[in-house]
Every structure is written in structure tokens, then in C-alpha cells.
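Only one structure is covered here, and it is reproduced in the block below.
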Amino acid sequence: MIEDILKALSLTGEQSGAGSGSWLTCTGEVMESLSPIDGRTIGRVRSASREDYQAVSAAAVQAFHTWKMVPAPKRGEIVRQIGDALRAYKKELGALVSLEMGKIRAEGEGEVQEMIDMADFAVGQSRMLYGLTMHSERPGHRMYEQWHPIGPVGVITAFNFPVAVWSWNAMIALVAGDTVIWKPSSKVPLCAIAAMNIAWRVLQENRLPEGILGLVIGKHETVGKAVISDPMIPLVSATGSVRMGRHIGQTVKARLGKTLLELGGNNAIVVTPSANLRLAVRAILFGAVGTAGQRCTTTRRLIVHESIYPTLLDALLKAYSQVRIGNPLEEGTLMGPLIDREAVTSMQAALKRARDEGGRVLYGGEILSGGLFDTGTYVTPCICEAGPDSSIVREETFAPILYIIRYSTIEEAIRYHNLVPQGLSSAIFTNDLKDAEAFLSHRGSDCGIANVNIGTSGAEIGGAFGGEKDTGGGREAGSDAWKAYMRRQTCTINWSDDLPLAQGIHFETD
């Protein structure tokens, strides 16, 4: 089956790690793609060198001059075709996501569906790149603002969403008139290559120049550094850790470039006494266990009113005991492996710190072994009782650990919620209007996403996605996030025979 998937996606043999519409003959070292499912090598990629990156960058700059002059609705038509091409490969590409990253097949196909949905969204956006008309204070003048393509955009993505995060950026950037250079995680290179194979065929069929969509795979020291340091890349969109984001932000800002940063999440759900616990348990389970806790929107903290704490905990323990862990490609599996053994080690270190700080593991947290589990990448999801101000609770551990915290008043719950430095996604489960409004108010959740009676994970593309504080402040996907990929221009037209100055200034020579 694996061979069939790779063949369908044109991934047989050693792959090139760089290209702009056709593949370069790369000169970097060979990297292996290892499946976290069974540790098997599923492909080899010849990584890009600095010279390979320069070739991709030059192609993106050259293609930008052509692509930006294509009318935006026509650019949208190309994106529509890319979406249709992804539809044709949804099952194969979804399976590859599961195979290379480890998420269950339903989530893998769901990620490809998100790419398709993002393409559909961008098609509509291509006819809605609106500016504003403003009244001028000067008689006989018209003033307005418009938006122009910004240039080649660098997109750096993490392993946990091997293709979807690229689409959030690339589909909008394309309709905005930008070209795109993608630097994916080296842990999931085959997913990126497969996506490029699909998209490039559409560009070739439309006789468009190479360079509109580029790809570079390699180490940060080689190609990552080249992307963020390149003066020809006016915008870098990066998804990853806070530490990575700080480095990218400092480097790009030093050359006065723009950044769009989607960094750490340490997301919490508050559960009040009036909550529908059946809904809450379902949301908590998916939020904490889905993708084996490796989403930026994963539920990592559960803040529960003391009056319902025992009841909710019992329901969660029962739900957790029914989670089937195993091969993510098999029907019925709800949780697959972590991405690698390093992630497992980080999880165990976090649990040790939690215990050292007075926490108590109530369920799970073990490393599984035997048969398929001998890869050392499978764990049981964990529920851990902890204090709201424990240092480990303030950190994001990319693993299925749920810290459960008691509270007594809604003010206390909100304070606990906002204690962490990250500010991505948040939720409250309640049927109390006052509690819901308090959570959504300016004194409530300090996150970029705040939900009532739905969980922290699974955001819709129609809304702008992103967060505050250490999450970086960036926004991707819906709403007016398209503006990040364009440059704003304010225009004033004088259609009179006079030249009045603004602010009523008089500057006469006679």
C-alpha cells in the first residue's frame, strides 16, 4: 500500500529538495523520511544547498513580475484549478500525511480538505481585494487606498500540519499576486514535494512561468537562514516554536522586512457549573488527544469549577480509557504516534517536572512497547492534576498532556487562564450568559481565538487564525488576513485647477 501511495504522488526514487516548477539537481546531503508509525524509511530527499536556494529565489523574483500583472480574478482561477487538483488526490495525499507525520487517516484527509477549502476561499477573495475611498479635506480632490502585490513571500512550516499551513499562506498569497517560496519541516519533506507536484502541473497546464511556487528543503543553517535573510523576500510567514519565531522576527526585522508569526499555543478550556458536560467531554477529548497533542491549538489546560470537578474527571477518565492507540492508517484508531522519540523524551521530562512541582498524574503518560509500539514513539495520553502557576504548566509541551486545574469563581478562572505567556486559542463551556460574556469581554480571554461551547481545536478558515503574546500576533486564512500579503497605497487625485495644501497651510510665492 505504501508503494502505491508513493507512486500515485510521483514519489518513487530519490527526490530533489528544491525547485520552482521543475526539480533542480540538488547538491546537498541526503535526508531520510522516517515514518513514526513503524520507523520505516519511506523516502530519501537530496536537500537543497545555498546555491539551490538562490536559484529558487531568483526564479520567484523573476516570476513575480509576470504574476503580479495577471488580473486578480484570473489568479483566483488558477487557485481554483489547484484546489480541484488537490481534490483528485485527497485520499493519496491524506494517507501520505498520516504515513509521514503520524496523525490518523481521518485527520490526514481532513488536512487535505482544509487545503481544498482554503483554495475555494481564496477564489472568492480574488474578487474582494477591497480598498477604501475617503473624503478629502481639500476641494476638488479624491482620496482612496488600494492594495498591491508585495513580492515573493517566504513560508516556513512545522511538521504537525505538513501541507495545510502552506495552503493557508500560499492560496491567499497567490490571489494577492505574490510568488511563494516554501521551506517545510525536514521531518515531513515528502508531503511538501507531493503538494508541489500537484500544484506545478496546474501551473504548467496554464503555461505560466516557473517560479510562482518554489520549494526548498534543508537545514535551517543552509536554506532556513537564506529565506529569512533574503532582502528580496519582503514577507516571511513562519509557523513553529516561540524560540524559532523570536530568531526569525529579529532577523527579518533587522532588514526591515515583515513577518507573520504563528508560534506556541498553551490553550485552555474553562468548564463552569452550568456547562453541558457531554459536549465538554467530547471537545476536551479531541482537543487534548487529537493529533496526539501535536496541534498548536491542542487543549493543554482544563480549568474546572470545584463543584463539578469529580464528575467531569470521572467522565474524562472513562473517555480516555476508550481511546484506541495504534497504526493511524487503520480504521478505528483515534491516536497515532508522536513524531519521533525526541518528542516522547520531551513529554516524559515534562511529566517529571510536573511531579516535582507537586502535580499528580491521574491517567496515562506511559511509553508503549511491544510489536508496532517498539518504535518508541507511542504513548498513552495523560491527565495530570497541577497548580495553575506551576512553571511546567506555563510552557507548551507538544504532546498529549492535559493539566487539570480547579477554580472557585469566574474571575479566578479567567486569571488562571491568562497566566501563561502564550495566547492562541481558548474556550469556555457554560450555559450562563454572564460567564460567557465575561470570558469574551476585554477582561476575559487574552487569546486571538475565544470560543463558547466548542473546543480550542478545529478553527474554521473563514475567520482570521492566530494569537497574541508569545504566539506572535500573526493572522492567517480568513477575514482580512489577505492584507498581510499585500502592500497598502494611499492615493490622492486633484481634479481641480487649484492646489490647496492640507491642514489649511498657505505657502505662496507671490
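The values are calculated or read from the model by the stated rules, or taken from the named source; none is laboratory data. Nothing here was measured: the structure is a model prediction, and the numbers come from that model. All Cβ positions, glycine included, derive from the backbone under ideal geometry; neighbour counts span all protein chains shown. All accessible areas refer to the heavy atoms of the entire protein, side chains included, with ligands and DNA or RNA removed. Shrake-Rupley method; radii C 1.70, N 1.55, O 1.52, S 1.80 Å.
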Dipole magnitude (debye, nearest 20) for the chain, charges at Cβ of Lys, Arg, Asp, Glu: 280 debye
Value of Rg/Rh across the chain [Cα atoms, Kirkwood radius]: 1.02
Per residue accessible area in Å² of the chain, where ligands, DNA and RNA are left out and the probe is 1.4 Å: 42 Å²
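Which value in deg cm²/dmol, rounded to the nearest 500, describes the helix-derived mean residue ellipticity at 222 nm for the chain, given -39,500 (n - 2.57) per DSSP H run of n ≥ 4 and division by the residue count? List each step's numbers first, then the result.
On the way: 14 runs with 180 residues, N = 510.
My calculation for the chain gives -11000 deg cm²/dmol from helical runs alone.
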Percent antiparallel among DSSP beta bridges (both partners in region 384-469, rounded to 5): 25 percent
Principal-axis tilt of helix 72-88 within the chain, Cα atoms, nearest 10 degrees: 30 degrees
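Between Ala8 and Thr311, what FRET efficiency follows from the Cβ-Cβ distance if R0 is 56 Å, with the result rounded to 0.05? Intermediate values should be presented prior to the final figure.
On the way: r = 49 Å, r/R0 = 0.87.
Efficiency, from the Cβ-Cβ distance: 0.70.
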Among Gly376, Ser274, Met69 - extreme Cα towards positive end, dipole of the chain, charges at beta-carbon: Gly376
Cα radius of gyration and Dmax for region 1-118 (Å): 16.6, 48
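Probe radius 1.4 Å, ligands and nucleic acids ignored: give me the carbon and sulfur share of the accessible area of the chain as a rounded percent. Numbers along the way, then the final one.
Numbers: 11060 of 21250 Å².
Here it works out to 52 percent.
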C-alpha center-to-center spacing [region 225-289, region 47-111] in angstrom: 21 Å
Cα centre as origin, Lys/Arg/Asp/Glu Cβ charges: region 242-336 dipole, Debye: 560 debye
Cleavage-rule hits (trypsin sites (Lys or Arg not before Pro)) in region 70-163: DSSP loop, at most 16 neighbouring Cβ within 10 angstrom: Arg127
Linear extension gain, Ser229 paired with Gln322, 0.36 nm per residue minus alpha-carbon span: 28.6 nm
Label-point separation in nm, Thr490 to Val30, each point 7 Å along Cα→Cβ: 5.8 nm
Inter-label distance for Arg207 and Arg278, nm, one decimal - labels placed 7 Å from Cα along Cα-to-Cβ: 6.0 nm
Length gained when the stretch Lys483-Arg127 is fully extended (0.36 nm per residue, less Cα-Cα span): 126.8 nm
The chain: antiparallel DSSP beta bridges as a percent of all, rounded to 5: 40 percent
Alpha-carbon centroids, region 391-442 and region 357-374: separation in whole Å: 25 Å
Relative contact order for region 376-510, counting Cα pairs under 8 Å that sit 6 or more residues apart, in percent: 16 percent
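Please find the FRET efficiency linking Ser408 to Asp374, where r is the Cβ-Cβ separation and R0 is fixed at 56 Å, and quote it to the nearest 0.05.
On the way: r = 46 Å, r/R0 = 0.82.
About 0.75, to the nearest 0.05.
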Sites Asp497 and Arg142 - FRET efficiency at Förster radius 22 Å, r taken between beta-carbons, to 0.05: 0.90
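About its Cα centre, what dipole magnitude does region 161-259 give when the only charges are +1 on Lys and Arg Cβ and -1 on Asp and Glu Cβ, stated in debye to the nearest 20? Could the numbers behind the result be given before it?
Numbers: 11 positive and 5 negative charges, 81 e Å.
Roughly 380 debye, rounded to the nearest 20.
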